[in-house]
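The values are calculated or read from the model by the stated rules, or taken from the named source; none is laboratory data. None of these values were measured; they are calculated from a predicted model. Positions of Cβ are generated from backbone atoms using ideal geometry, with glycine treated the same way; all protein chains shown enter the neighbour counts.
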Amino acid sequence: MTNDPVRVYYDADADRGRLAGRRFAIIGYGSQGHAHALNLRDGGASVIVGLRQGGGSWQRAEAAGLDVRPVAAAAAAADVIMMLTPDQDGRAVYESGVAQGLAPGKTLMFAHGFNIHYGEIAPPAGVDVSMVAPKSPGHLVRSEYEAGRGVPGLVAVHQDASGQALANALAYASGIGCTRAGVIETIESGAPLYGPARYIRPTAWNGWLPGPAARPPSPARTAPCSSRPVTCHGSPMRSAPYSPTPRSPSGCAGPPRTAAAPCRTRTTLWPPP
Ligand SMILES: NC(=O)c1ccc[n+]([C@@H]2O[C@H](COP(=O)([O-])OP(=O)(O)OC[C@H]3O[C@@H](n4cnc5c(N)ncnc54)[C@H](OP(=O)(O)O)[C@@H]3O)[C@@H](O)[C@H]2O)c1
């Protein structure tokens, strides 16, 4: 570990113009998928939702007025493909539908580092690979956006074929509202797509993120962080319907965070700008 300062990006750091002219395939329409798709769509971006036919969420996405297609068709038609299916299914979804839709110049995105960090998915060269991971369940990603605010998130770049991967990822983060609250760049070497827990601890869930959209924490925001054991190294916090948190093949490598060792210690990692 290093003592590098934490880098936080806000709206002013993101060029939303990068969303224009690009088509986004949101693969999955569950907790995160519905929020990303609707937030991007409401912001004017071109969005396709990629799902399996006959699945439960197909009708929900269509009812929301979205363009819904099978995963392979959505991936093939998009410039940016965001993987928002359960992590344990990510490899199967990628291999059966997404991989053939990738081509140099496209971007593959994740909201969790699991599949890249553990080598479940190995994207081809020529493709940008990045992560925008809201530190929030999807219903809050959506409701905060609708309220004119946003939830904080993590951003990381695994593969920068274009030289623009970070800027494009920040534009995406802006499109779903995360730069309203602040987006932390994950910089831990060896785990570029995995949010390092030491950087995640002092985030806005304890009300510490400064910025125009910051507001006092509500019990709903603090409870998952301070009263519930969080046992896996930086895995996104969840308090609503969600897919099971995947574990590393050897189990959790990170130290458990418990109520006895709560994550509410304001540290020098977080000087307000
Ligand atoms: N939930 C959170 O709080 C949270 C927070 C931050 C990051 N993340 C990350 O966001 C990503 C998505 O998590 P999530 O909780 O949003 O997932 P989720 O709600 O469990 O995703 C369900 C969606 O995935 C679709 N799906 C499942 N298997 C599929 C398959 N084989 N082919 C096509 N579609 C399939 C489902 O479609 P059907 O209706 O057909 O089943 C449904 O639309 C994960 O990487 C997760 O780690 C989650």
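At-a-glance table
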| read-out | value |
| --- | --- |
| Output for the stretch 62-74, where each listed residue is out of contact with any Ser or Thr (no Cβ under 8 Å at 6 or more places or on another chain) and either at pLDDT below 95 or surrounded by 18 or more Cβ atoms within 10 Å (Cβ to Cβ) (or both) | 66, 68, 69, 74 |
| Qualifying positions in the stretch 75-90 - more than 10 Å from the ligand (Cβ to nearest atom) and either free of Cβ contacts under 8 Å to residues at least 60 places away in the same chain or surrounded by fewer than 15 Cβ atoms within 10 Å (Cβ to Cβ) (or both) | 75, 76, 77, 78, 79, 81 |
| Cβ pairs under 7 Å, 6+ apart, first in the stretch 154-183 and within 16 Å of residue 116 (Cβ to Cβ) and touching a residue at least 24 places away in the same chain (Cβ under 8 Å), second of a type in the set (Phe, Trp, Tyr) and not in a helix (DSSP H, G or I) | 155/9 |
| Residue among 130, 136 that is within 13 Å of the ligand (Cβ to nearest atom), crowded, with 24+ Cβ neighbours inside 10 Å, under 15 Å from the mean Cα position of the chain (by Cα) and of a type in the set (S, T, N, Q) | 136 |
| Top-ranked residue of the stretch 1-57 - restricted to ones that are within 25 Å of residue 86 (Cβ to Cβ) and free of Cβ contacts under 8 Å to residues at least 12 places away in the same chain, ranked as surrounded by the most Cβ atoms within 10 Å (Cβ to Cβ) | 55 |
